[in-house]
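Take a look at the structure below.
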Amino acid sequence: MRSLLYVPGDDERKIAHARQSAADAVILDLEDAIAPERKTAARDTLARALRETDFGPRTVFVRINGLATPFAIEDARVVAATGRAGILIPKVEGPDDVITIAPILASQSETGSIPRRLLCLIESPRGVLASREIAASSTLVAGLVFGSADLTREIGCRLTEGEIELLYARSHVCLAARAAGIEVYDSPHFIIADPDGLRRSAQSARNLGYDGKTVIHPSHLETINEVFSPTVQEIHEARRIVEAMEAAEGRGAIAFDGRLVDQVHLAQARKILTRSKKEER
């Protein structure tokens, strides 16, 4: 997934639009996008939308309310019962949060035909420091999501251009995900009418090793998808590396365009080609 679009879980119009968007994934939100007095009604609307809406090839997640609230467990049960979405757990600060939700997602489903997946939103100092344990806490955890807004507030830092103040935290979460063999997604770019800033933010996350980015406005999707897709040049070079290594009759390393190419480069080239084929579909 390159782009994960947040959509208010009680807004049927926006949910309908999301199913026609360029997003790779849709996150139906029961947390920050919903006022406290509308939580229960929003849950009912979302459950109906999950059962009745065809999201096509898009992966669907629901951001439930935090485990410190009285809504979280019932949110998870309702989502799991539809069998049509994974769960994004907000404000994850340790493995216990995952261990609480994972059995609900694993045990309840009407159809059992949709992959059950968990994403963990890391948005506090405790969450960042525990991200390695969180990533490895359940086989249902598919990825970590970096949450810059709440983390910035809790740290008390002042962000400057490029958000260098969060570099350690971003890198730590990325490394934790990679150590566990799972995906990792960056926080949204919060300024809607800022195409240059959006591109810089996405490129910075891509350079750091992130797989994609969460999105708060559909106008950001095209840029996010472009940045997190292999370029034509990368695909071309990957094909050449694979062809050259296959023609080398089992040699572990070869000279390629004046540099040494070995099995690490071959694995990376194959990963690029696999990703490009998925995106073509």
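The values are calculated or read from the model by the stated rules, or taken from the named source; none is laboratory data. The structure displayed is predicted, hence computed values, not measured ones. No Cβ is skipped: glycine too gets one built from the backbone with ideal geometry, and neighbour counts run over all protein chains shown.
Can you find a residue in the range 45-62 that is farther than 19 Å from Leu221 by Cα, of a type in the set (D, E, K, R) and crowded, with 17+ Cβ neighbours inside 10 Å? Within the range 45-62 (the criterion being farther than 19 Å from Leu221 by Cα, of a type in the set (D, E, K, R) and crowded, with 17+ Cβ neighbours inside 10 Å), the answer is no, since none of the residues qualifies. Taking the range 134-162 as the range and being touching a Gly at 6+ places or on another chain (Cβ under 7 Å) and charged (D, E, K, R) as the test, no residue passes. Selection over the range 66-89 of residues that are hydroxyl-bearing (Ser, Thr, Tyr) and either touching a Phe, Trp or Tyr at 6+ places or on another chain (Cβ under 9 Å) or assigned to a helix (DSSP H, G or I) (or both) gives a count of 1. Applying a threshold of 6 Å to beta carbon distances and a minimum spacing of six or more residues, or different chains, the list of pairs starting in the range 57-81 at a residue that is free of Cβ contacts under 8 Å to residues at least 60 places away in the same chain and ending at one that is of a type in the set (S, T, N, Q) and surrounded by 16 or more Cβ atoms within 10 Å (Cβ to Cβ) reads Phe71/Asn65; Ala72/Asn65; Asp75/Asn65; Ala80/Gln108; Ala81/Gln108.
From the list Leu50, Leu5, pick out the single residue that is touching a residue at least 40 places away in the same chain (Cβ under 8 Å), closer than 23 Å to Gly143 by Cα and not β-branched (Val, Ile, Thr). Break it down into steps so the answer makes sense when it comes.
Numbers: Leu50 fails: touching a residue at least 40 places away in the same chain (Cβ under 8 Å).
Among Leu50, Leu5, only Leu5 is touching a residue at least 40 places away in the same chain (Cβ under 8 Å), closer than 23 Å to Gly143 by Cα and not β-branched (Val, Ile, Thr).
Say whether the condition of being more than 30 Å from Pro125 (Cβ to Cβ), modelled with pLDDT under 95, surrounded by fewer than 23 Cβ atoms within 10 Å (Cβ to Cβ) and assigned by TED's automatic domain parsing to the domain that holds Ile134 is met by at least one residue in the range 27-36. No, the range 27-36 contains no residue that is more than 30 Å from Pro125 (Cβ to Cβ), modelled with pLDDT under 95, surrounded by fewer than 23 Cβ atoms within 10 Å (Cβ to Cβ) and assigned by TED's automatic domain parsing to the domain that holds Ile134. Any residue in the range 182-194 that is assigned by TED's automatic domain parsing to the domain that holds Gly162, of a type in the set (S, T, N, Q), at pLDDT 95 or above and part of a helix (DSSP H, G or I)? The answer is no; no qualifying residue exists. Among the residues of this structure, Val98 counts as one that is assigned to a helix (DSSP H, G or I), touching a residue at least 40 places away in the same chain (Cβ under 8 Å), closer than 30 Å to Ala130 by Cα and in the same structural domain as Thr223 (by TED's automatic domain parsing).
Screening Asp211 against (1) buried (at least 17 other Cβ atoms within 10 Å of the Cβ); (2) assigned by TED's automatic domain parsing to the domain that holds Ala136; (3) touching a Pro at 6+ places or on another chain (Cβ under 9 Å) leaves a single unmet condition, (3). Being surrounded by 15 or more Cβ atoms within 10 Å (Cβ to Cβ) and without any contact (Cβ under 8 Å) to a residue 12 or more places away in the chain holds for only one residue in Ile254, Ile235, Ile272, and it is Ile254. Scanning the range 2-16 for residues that are assigned to a strand (DSSP E or B) and either on the phi > 0 side of the Ramachandran plot or of a type in the set (Val, Ile, Thr) (or both) yields one hit, Val7.
Scanning the range 129-159 for residues that are loosely packed, with under 15 Cβ neighbours inside 10 Å and either of a type in the set (Lys, Arg) or under 19 Å from the mean Cα position of the chain (by Cα) (or both) yields a count of 5. Among the conditions (1) within 25 Å of Ser276 (Cα to Cα); (2) part of a helix (DSSP H, G or I), Arg132 misses just one, which is (1).
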